[in-house]
Amino acid sequence: TPVAAVIPAAGRGVRLGPGAPKALRALNGTPMLIHAVRALAASRHVSLVIVVAPPDGSAEVKSLLDAHALPGGTPGGGPASTDFVVVPGGDSRQESVRLGLAALPPQYGVVLVHDAARPLVPVDTVDAVIEAVRDGAPAVVPALPLADTVKEVEPAGEPGAPEPVVATPERARLRAVQTPQGFDRATLLRAHETVTDDVTDDAGMVEKLGLPVVTVPGHEEAFKVTRPLDLVLAEAVLARRRL
Ligand code: C5P
């Protein structure tokens, strides 16, 4: 079964501070999105990458892919014969993924959804997700145990105000989930057609359909670049890889 990857990259990146849309900010001189696209295209199983660009940024993203020798829409045009397509995104991550799925050709039976904000995911993690879907799981998420204890709170009105703690879930049973999340095509399309509640990941929509979601081991380097410190960490990881 051919594998396609949808990369939502339409977020503004407000938590990262002022500047360009998050996916277009540079890590060691190369836009985060380009790192993310390369990370997925590095898998020999991934033959199509659909990039969901900022709504007014499709042309810029297309020329970035060209500039980094990742030509869009040309069969066999990319390295290891991966094709690239760019579509404009929406107001929410969910909407952006939905718009990416609308551009998915019918022959792709396995679909990955990968945050542009996780530019350093190792190819072994990508391949582990693909393998678990090919082995029959409808939805697969890379997951890691937590270092921090997590509290549920009653959210305060204003930022910084004290918040009453409501509960402490048992840490050993919690996992932080990453991307790429992998899906059987029909499952992901049905989830996006039928689930309208707000969710923060695609697997959450599959859970709402009552279908099983399983984990595979995640990787520390698949962390999400969200806050300024994450940029420092990402550049340190890149520097270490060059050794
Ligand atoms: O905001 P968050 O960190 O959860 O975003 C995760 C991913 O979803 C990022 O790669 C971001 O670019 C993408 N996104 C999107 N469209 C939006 C909001 C976020 O493609 N409207």
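Annotations for the structure displayed:
- Lysines whose Cα lies under 18 Å from that of K224, excluding same-chain neighbours fewer than 8 positions away: K22
- Measuring nothing but how far apart in sequence close Cα pairs (under 8 Å, 6+ apart) lie, relative to its length, the range 1-109 scores a relative contact order of 33 percent.
- Per the Cα gyration tensor, the chain maps to an equivalent ellipsoid with semi-axes of 27, 22, 18 Å, ordered largest to smallest.
- Unit charges on C-beta of K, R, D, E only; dipole of the range 1-104, Debye: 320 debye
- For E207 and V237, the FRET efficiency from 1/(1 + (r/R0)^6), where r spans their Cβ atoms and R0 equals 41 Å, is about 0.85.
- Inter-label distance for R227 and V123, nm, one decimal - labels placed 7 Å from Cα along Cα-to-Cβ: 3.4 nm
- Reducing the range 1-22 and the range 134-181 to their Cα centroids gives an inter-centroid distance of 21 Å.
- Debye, to nearest 20: dipole size of the range 88-190, +1 on Lys, Arg Cβ, -1 on Asp, Glu Cβ: 300 debye
- Beta bridges per DSSP, both residues in the range 1-154: antiparallel share near 10 percent.
- Partner aspartates and glutamates whose Cα lies under 19 Å from the Cα of K62, excluding those fewer than 8 positions away in the same chain, are identified as D83, D115.
- In this Cβ point-charge picture (+1 for Lys and Arg, -1 for Asp and Glu), the chain has a dipole of about 600 debye about its Cα centre.
- Within the shell defined by Cβ-Cβ distances under 14 Å, the residues around H192 carry a net charge of -3, with Lys and Arg each +1 and Asp and Glu each -1.
All of the numbers you see were taken from the coordinates with simple rules; none came from a lab. From a predicted model like this one, the values you see are computed outputs, not experimental measurements. Here the Cβ is made from the backbone with ideal geometry for all residues, glycine too, and neighbour counts use every protein chain on show.
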